[in-house]
Amino acid sequence: MLSGLPRNSDPNLMVGFDSSDDAAVYRISDELAMIQTVDFFPPVVDDPYTFGQIAATNALSDVYAMGGTPKLAMNLLAFPSCLPLDVVGAILEGGASKVTEAGAVIAGGHSIEDQEPKYGLCVTGYAHPKAILTNSGAREGDLLVLTKALGTGILSTAAKAELLTPEEYREMAGLMTTLNRAAAEAVAPVEAHACTDVTGFGLLGHLKEMAEGCGSSLELWARAIPIVPKALELARDGIIPGGAYRNMDFVGDDVQADGAVPQEILDVLYDPQTAGGLVIAVPEARGAELLSRLSDAGVPAAAIGRVGPRGERLLRVKP
Amino acid sequence: MNQIDARGYSCPEPVLMTKKALKELGKPLTVLVDSETPLQNITRFARNSGHTVASRSLGDEEYEIVIS
C-alpha cells in the first residue's frame, strides 16, 4: 500500500517505514533519538473508559517496543454527534489515565465528527540512539520471550456477543490495559537484540517481520506460548475474528506447522491482538536473567522459541 | 433438509445461529454464509463438536455448509 509513496530520505531517520517496524525513530543528536508512533481504532469494548485505556495502552506500546520512554501524547478522536458528551469524556479520561501511568503527558489533540467512534493517540518518546530496539536485529541462537498471554482478539469477538463471564471479561480487559512499561524496563538492561509488540498481525505476523528483518528462521514451541485458556475454548467453538483468517492468508505461506500442533493453538497464534505484549529476542546467555527480571517486575512472560538458521520457511511451529 | 441463512451476519453470529439451529432443528443442517470467516468458523465449530462437515462455494463469496 505504501510502495507508491515518495521516499524522503534523511540520514537521521534511523527507522522509517522500510522495515515495517513499530514506530519511526529520528536521531536528534548522538545522545538522543525521538520515537514517534500513531494508532487509533473503533471501540473494542463497550465501556468507554476501558476503551480509552486500551487505545492508549496500545499506542504507548509502540514506544516501549522500540526501547524508548513515552513523553508526549496527542489525542485523535472521531465521534458521532449523537454520542453523549459524557461518553466522549470517559474515553478521553481512560486514555489520559494510561498516559499518566506511563509518565507522559497529553498536550492536545484533534477531534472530528464521524459515524463511528474512533480513538487513539500519537505518541512521542525518547531513547538513547544506541538503546533503540528494532524488530530486525535478532541473531541466530537468540531466545524469544513473550510477555502477556495471547487471545484478546478472540476474547473481544466473544465479548461482543456477550459470551464471556464478568471474570473472563476482566481478564481480557486487564491484558489490554496493562502497559508494556514494566516489561520494557526489564528488557532495557539485558542487551536484547530485537523487540516488537504483538498487535494486529497476530504473533506469527509480527514474528514474520522479525524473521524477515534478520534473515533467519524462527522456531516456536506451541505449548510454551502463554494463551488465555478461554481463548482456546472459543477457538475450538469457531469464535475467531475475521482478522485472524486475514493474518493466515498473509503469513500462512511462511509458516511450517508440525502436524501435532493443535488447530486451536495455531488459530490463536494468528489472532490479532490489541495492546498485546512484547516479543524480545535476547541472547541465550541472558535469557534466564530477562525472565527473572520480568518475573520480579510482576510481568508474566515465557520463553516461546528461538532464532535458528534460515530454513525452508521463516517460521516453524513445533508442538 | 433444515436450512438457515446466515448471510449478512458478521461473526460470531453465524456460528451462534448454527449452534442454536443444531440444537433446535437437528441435523442434517445446511447453512448459507457470505464470507470465508463464517465458513471457517462454522467448520471448526461443527468438526470440534463431532459432526461431519462438507462445504462448497456457490460463487461470488457465497458458501453452502452441510453439517451431518
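The values are calculated or read from the model by the stated rules, or taken from the named source; none is laboratory data. Being a predicted model, the structure only gives us computed values, none of them experimental. Reconstructed Cβ throughout: ideal geometry from the backbone, glycine too, with neighbour counts over all protein chains shown. The protein model used for the area step is the full one, side chains on, heavy atoms only, and it has no ligands, DNA or RNA in it. Shrake-Rupley method; radii C 1.70, N 1.55, O 1.52, S 1.80 Å.
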So the FRET efficiency between A:Ser19 and A:Ala131, C-beta based with R0 = 25 Å and rounded to 0.05, is 0.90
Taking every other residue with Cβ under 14 Å from the Cβ of A:Leu85 and scoring Lys and Arg +1, Asp and Glu -1, one gets -3
Cβ under 15 Å from B:Lys20's Cβ, B:Lys20 left aside: what net charge do those residues give with Lys, Arg +1 and Asp, Glu -1?
-> -2
Could you list which residues have their amide H under 5 Å from that of A:Cys195, counting only those 5 or more apart in sequence or on another chain, with H placed in the peptide plane?
-> A:Thr134, A:Asn135, A:Ser136, A:Gly137, A:Ala281
Residues whose modelled amide H sits under 5 Å from the amide H of A:Ile304, counting only those 5 or more places away in sequence or on another chain, are A:Leu144, A:Val145, A:Leu146
Chain B - charge dipole about Cα centre, Lys and Arg +1 at Cβ, Asp and Glu -1, debye rounded to 20 | 460
Cα-centre dipole for chain A with unit charges at Cβ (Lys and Arg positive, Asp and Glu negative), debye to 20 = 520
Between rounded, prolate and oblate, where does chain B land on the alpha carbon gyration tensor, with a ≥ b ≥ c its root eigenvalues, rounded for a/c under 1.5, else prolate if a/b exceeds b/c?
-> rounded
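Counting other Cβ atoms within 10 Å, which trypsin sites (Lys or Arg not before Pro) in chain B have at most 16 and lie in a DSSP loop? All intermediate terms of the calculation are to be shown ahead of the outcome.
On the way: sites: B:Arg7, B:Lys19, B:Lys20, B:Lys23, B:Arg44, B:Arg47, B:Arg56; in loops: B:Arg7.
Passing both the DSSP loop test and the Cβ count: B:Arg7.
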Given a Förster radius of 30 Å and the C-beta distance between A:Asn8 and A:Ala224 as r, what FRET efficiency does 1/(1 + (r/R0)^6) yield to the nearest 0.05?
-> 0.10
What is the distance in Å between the Cα centres of the stretch A:27-48 and the stretch A:138-192?
-> 17
Identify which of A:Ala107, A:Ala244, A:Ala73 has the largest mean-square fluctuation in a Gaussian network model of chain A, with springs joining Cα atoms closer than 10 Å.
-> A:Ala107
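Per residue, how large is the accessible surface of chain A? Use a 1.4 angstrom probe and give square angstrom.
43
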How would you rank A:171-180, B:24-33, A:205-214, highest first, on the average number of other Cβ atoms within 10 Å across their residues?
-> A:205-214, A:171-180, B:24-33
Once the dipole of the protein assembly as shown is set up from charges on Cβ (+1 Lys and Arg, -1 Asp and Glu), the residue from the list A:Phe250, A:Gly151, A:Gly103 lying farthest towards its positive end is A:Gly151
Mean residue ellipticity (222 nm) of chain A, computed from DSSP H runs ≥ 4 via -39,500 (n - 2.57), nearest 500 | -11000 deg cm²/dmol
iface B-A | buried accessible area, total | probe 1.4 Å | Å², round 100 | 1000
Within 10 Å of each Cβ in A:245-251, the average number of Cβ atoms from other chains | 2
State the percentage of accessible surface on the stretch A:196-290 attributable to carbon and sulfur atoms; use a 1.4 Å probe and exclude ligands, DNA and RNA.
-> 48
What FRET efficiency, computed as 1/(1 + (r/R0)^6) with R0 = 56 Å and r the Cβ-Cβ distance, is obtained for B:Glu64 and A:Ser295, rounded to the nearest 0.05?
-> 0.65
So which residue, out of A:Ser136, A:Ser97, A:Ser61, gets the largest mean-square fluctuation from a GNM of chain A using Cα contacts under 10 Å as springs?
-> A:Ser97
List the residues of the stretch A:66-92 whose backbone N lies under 17 Å from a point placed 7 Å from the Cα of A:Ser111 along the Cα-to-Cβ direction.
-> A:74-92
From the cross-link list A:Lys160/B:Lys20; A:Lys318/B:Lys19; A:Lys98/A:Lys208; A:Lys160/A:Lys208; A:Lys160/A:Lys318, the entries with a Cα-Cα span beyond 21 Å are A:Lys318/B:Lys19; A:Lys98/A:Lys208; A:Lys160/A:Lys208; A:Lys160/A:Lys318
Gain upon complete extension [A:Met74, A:Asp249; 0.36 nm per residue less C-alpha separation] = 59.6 nm
